[in-house]
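Below you'll find the structure, written out as structure tokens, and then a few comments.
The values are calculated or read from the model by the stated rules, or taken from the named source; none is laboratory data. Please read all numbers here as calculations on a predicted model, not as lab measurements. Ideal geometry is used to build each Cβ from the backbone, glycine not excepted, and the neighbour counts take in all protein chains shown.
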Amino acid sequence: MIRFENVSKVYARGARPALDDVSVDVSRGEFVFLVGASGSGKSTFLRLVLREERPTGGKVYVAGRDLSRLSSWKVPSLRRSIGVVFQDFRLLPGKTVHENVAFALQVIGKPRHTIRTTVPEVLEMVGLDGKEKRLPHELSGGEQQRVAIARAFVNRPQILLADEPTGNLDPTTSLGIMRLLDRINRTGTTVVMATHDDEIVNEMRKRVVELSTGSVVRDEVDAVYGERESILPQVGQTPVLDAPGRGARAVQRVQVTPEPADLEAERAAEAAAARTATVQEPEREPAPETRGSSADEVVQQVLREHERVRAGREA
Ligand SMILES: Nc1ncnc2c1ncn2[C@@H]1O[C@H](COP(=O)(O)OP(=O)(O)OP(=O)(O)O)[C@@H](O)[C@H]1O
């Protein structure tokens with residue numbers, strides 16, 4: 001589903017590569033944690049998948065498409081097949097929960113009746129039924145992240161990329177978010193999550209790809225956060241699942257299902273940890289020419305426009 005073949009990325013001439021000869025193969029339906037110290041190249045990896053950046057060497061394939069050969073006009077379609085979730089949620093603060101999620105379908109031109117049926121389904125799935133009319137600032141941090149996940153997932157993307165999705169959340173709330181991502185993964189969506197959160201990685205026991213100064217130093221299934229014994233599978237090979245002698249442990253998938261007591265604790269923690277990591281409401285609806293772009297692109301455009309207007313006012 002995602003294949004990096006000897007990918008390098010150098011941002012500026014003479015700078016150290018952000019990615020250096022990286023080869024990774026993520027199969028359809030896999031869940032992969034991308035770990036590594038700050039600056040090791042995790043976000044660069046995700047940006048290359050979205051073709052927000054282009055490699056300086058090597059090839060990136062997404063869903064069978066060679067991104068170096070993808071025409072610019074096909075990039076929105078690529079991005080529509082990829083949901084993205086960020087640490088800072090990026091919700092539109094003047095829109096309700098329902099409207100934030102519906103927005104993702106509106107911008108890709110889905111008919112109103114589809115939106116009317118799909119949005120409540122996905123809000124129920126993420127555990128937000130009953131909160132459709134709330135504004136983001138009336139939600140806890142965990143709930144805001146659920147809205148962001150619902151928005152990323154409502155179009156049923158083949159791939160979900162998550163960049164530090166638990167970075168602003170306490171451990172209990174984070175676990176709830178991970179359960180949700182695990183559930184989404186079990187619907188067949190490939191999930192790649194960049195994280196520093198060792199507790200989460202240790203709890204979930206998924207495949208871990210570790211980057212260090214732009215190189216893959218570990219690629220291991222059923223793994224914990226900080227081990228370095230490794231096998232590095234070649235491109236085209238999936239990691240060996242059950243060859244302890246080669247460094248990979250047998251796969252023992254932890255089924256992360258919500259326990260009622262956990263859910264209660266999670267809700268209490270979420271309520272206590274209400275955060276407002278949102279930006280101000282954009283003043284205008286997205287321009288018609290943005291139709292056809294992915295929801296994430298349009299959200300970014302709208303938020304950037306707002307920032308521009310606000311900066312202008314403050315100047
Ligand atoms: N747009 C850019 N221009 C120049 N250098 C960049 C750019 N983006 C990232 N880099 C550099 O590339 C390297 C990898 O950065 P990247 O953001 O991919 O790391 P990361 O692992 O995601 O870090 P963090 O965990 O702090 O988000 C760093 O040295 C960073 O300074």
Has the range 249-263 got any residue that is at pLDDT below 90 and of a type in the set (Asp, Glu)?
-> yes
Exactly one of 51, 47 is of a type in the set (Lys, Arg), within 13 Å of the ligand (Cβ to nearest atom), at pLDDT 95 or above and assigned by TED's automatic domain parsing to the domain that holds residue 5, and that residue is 47
Would you be able to say whether some residue in the range 143-150 is surrounded by fewer than 24 Cβ atoms within 10 Å (Cβ to Cβ), within 22 Å of residue 201 (Cα to Cα) and small (Gly, Ala, Ser)?
-> no
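So which of 32, 60, 85 is under 26 Å from residue 186 (Cα atoms), in the same structural domain as residue 188 (by TED's automatic domain parsing) and outside any loop (DSSP other than H, G, I, E, B)?
The match here is 85.
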Within the set of pairs 6+ apart or on separate chains, which have a first residue in the range 119-138 that is at pLDDT 95 or above, a second that is part of a helix (DSSP H, G or I) and of a type in the set (Gly, Ala, Ser), and C-beta atoms under 6 Å apart?
-> 119/102; 122/150; 123/150; 126/150
Which of the residues that make up the range 1-29 are near the ligand (Cβ under 8 Å from one of its atoms) and in a strand (DSSP E or B)?
-> 9, 19
Residue count, the range 198-218 (criterion: within 16 Å of the ligand (Cβ to nearest atom) and farther than 14 Å from residue 182 by Cβ) | 12
